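Some notes on the structure that comes next.
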Amino acid sequence: MKLNRISPVAAAVAAIAAAAPAAAEEIRGWNTHAPDYPVSVAMDHFGEMVAERTEGRIEPNTYHSAQLGEQDQAIEQMQFGGIDFAVFNLVPLNNIVPETQVTTLPYAFRSVDHMHRVVDGPIGEELAAAMEPANMVGLAWYDSGARSFYANTPLNSVEDLEGLKIRVQNSDVNVAMVEALGANATPIPFGEVYSSIQTGVVDGAENNWPSYESTGHYEVAPHYILDEHTIVPEVFVINKDTWDSWSAEDQEIVRQAAKESAELQRELWAEREEQSEQIVRDAGATIVELEDKSAFIEAMNPVYDQFVTDENLRDLLNRIQATE
Ligand code: GTR
């Protein structure tokens with residue numbers, strides 16, 4: 001009798017090896033917000049969907065609360081591969097992706113709905129494509145509401161901003177916007193804004209309801225004037241090298257999961273805006289609502305002259321404004 005039977009142990013090992021999936025690839029996600037923030041919950045949901053749908057081939061893991069650095073560093077790490085995916089606010093992308101400047105100009109969008117119609121259509125695809133030279137593939141658009149100014153002194157009109165030191169994100173457009181109001185713009189990373197207001201490095205900043213609340217800025221700068229100067233979308237991006245390393249099938253799974261995560265994020269965002277407003281009002285902050293924003297709009301007009309300088313940007317702005 002020929003003894004060519006393999007041992008039961010070897011057979012078992014071979015069977016396990018055949019059944020085991022390829023080694024899981026951990027991909028690292030950057031996020032600036034606390035784990036319960038709408039962006040964070042949606043990014044975690046993205047991770048679960050991708051792990052499940054790729055049967056563990058790709059295991060996304062999001063590091064919340066700026067554990068992987070502040071946004072400017074994260075954008076740099078995107079170029080070198082330290083980070084595989086992220087949700088970036090468009091303002092800190094202004095200086096490396098010029099097309100994003102147009103979407104962050106004051107009053108470029110008429111409303112959040114208008115912004116959705118723009119980013120969910122062909123212009124959104126064009127903006128996503130503009131990120132490729134910065135090594136990023138844009139997959140979906142998250143909400144970030146409207147941003148307004150707040151300070152540690154009363155703000156009742158545009159004149160009250162004159163001479164104040166206002167924190168901005170790292171963007172030439174934001175610096176110009178604040179200076180057009182006669183205030184002094186100081187770029188400071190998000191995580192340092194609370195202490196900067198507290199210690200008087202700046203008098204105030206600008207942000208949406210959820211960030212104003214989640215960071216506790218309303219405690220140190222309790223005067224919020226709802227001028228709603230910008231409606232800035234946030235983009236879900238994947239590192240282009242990571243993206244290119246995947247099969248078409250996995251790319252499709254990841255793209256779809258990013259889109260579904262954005263749907264969840266927008267729902268959570270709407271709820272959180274209301275909750276945050278309530279928390280801030282209950283804490284006794286002074287909220288000034290503006291029926292007429294024309295003084296702000298007019299004061300910021302020069303920013304358009306400064307940044308909408310070439311034909312492509314002018315054309316992009318025209319198409320955004322013409323979107324119904
Ligand atoms: C938040 C935004 C963050 C960050 C921050 C800031 O609203 O979600 O990504 O850009 O503002 O002001 O730096």
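The values are calculated or read from the model by the stated rules, or taken from the named source; none is laboratory data. Treat the numbers as computed from the prediction; the structure is a model and nothing was measured. All Cβ positions, even for glycine, are placed from backbone atoms using ideal geometry, and neighbour counts span all protein chains on display. The protein model used for the area step is the full one, side chains on, heavy atoms only, and it has no ligands, DNA or RNA in it. Shrake-Rupley method; radii C 1.70, N 1.55, O 1.52, S 1.80 Å.
Going by amide H atoms built from the backbone, whose H comes under 5 Å of the H on Arg167, apart from near neighbours?
Here Thr186, Asp203, Gly204, Ala205 satisfy the definition.
If a/c stays under 1.5 just call it rounded; otherwise compare a/b with b/c (prolate if a/b is bigger, oblate if not). Do that for segment 226-298, with a ≥ b ≥ c from the square roots of the Cα gyration tensor eigenvalues.
prolate
Please state the equivalent ellipsoid semi-axes for segment 123-256: what are the square roots of 5 times the Cα gyration tensor eigenvalues, largest first, in whole Å? Write down the numbers at each step before the final one.
Details: eigenvalues 248, 43, 36 Å².
Semi-axes from the Cα gyration tensor: 35, 15, 13 Å.
Ordered by residue, what ³J(HN,Hα) values in Hz, to whole numbers, does segment 23-33 give under the Karplus form 6.51 cos²θ - 1.76 cosθ + 1.60, where θ = phi - 60° and Gly and Pro are x?
3, 5, 9, 7, 10, 9, x, 9, 8, 8, 8
Spin-label point model (7 Å from Cα, Cβ direction): what's the Ala24 to Asn61 distance in nm?
0.9 nm
From Cα pairs below 8 angstrom and at least 6 apart in sequence, can you work out the relative contact order of the chain, rounded to a whole percent? Write out the running numbers ahead of the final one.
Values: 553 pairs, mean separation 75.5, N = 324.
Over the chain, the number comes to 23 percent.
Considering all projection directions equally, how large on average is the shadow of the alpha-carbon convex hull of segment 34-128, in square nanometres?
7.4 nm²
Pull out the extension gain between Gln251 and Ala270, defined as 0.36 nm times the separation in residues minus the alpha carbon to alpha carbon distance; nm, one decimal. Let's see the in-between values first.
Numbers: separation 19, 0.36 × 19 = 6.84 nm, distance 2.90 nm.
So the extension gain works out to 3.9 nm.
Between the alpha-carbon centers of segment 126-140 and segment 16-88, tell me the distance in whole angstrom.
18 Å
For segment 196-324, with all protein chains present and a 1.4 Å probe, just round the carbon and sulfur fraction of the accessible area to a whole percent.
43 percent
Can you tell me the accessible area per residue over the chain, all protein chains present, probe 1.4 angstrom, in square angstrom? Walk me through the intermediate numbers first.
On the way: 14580 Å² over 324 residues.
That works out to 45 Å² per residue.
What does the extension gain come out to for Ala129 and Thr323, with contour length at 0.36 nm per residue minus their alpha carbon separation?
On the way: separation 194, 0.36 × 194 = 69.84 nm, distance 1.93 nm.
Difference between extended and current length: 67.9 nm.
Would you kindly calculate the mean projected area, averaged across all directions, of the convex hull enclosing the Cα atoms of the chain, in square nanometres?
20.2 nm²
Express the Stokes-Einstein translational diffusion coefficient of segment 144-199 in µm² s⁻¹, to the nearest whole number, given a Kirkwood radius over alpha-carbon pairs, 10 °C and a viscosity of 1.306 mPa s. Don't jump to the answer; show the numbers that get you there.
Working: Rh = 11.8 Å.
Answer from the Stokes-Einstein relation: 134 µm²/s.
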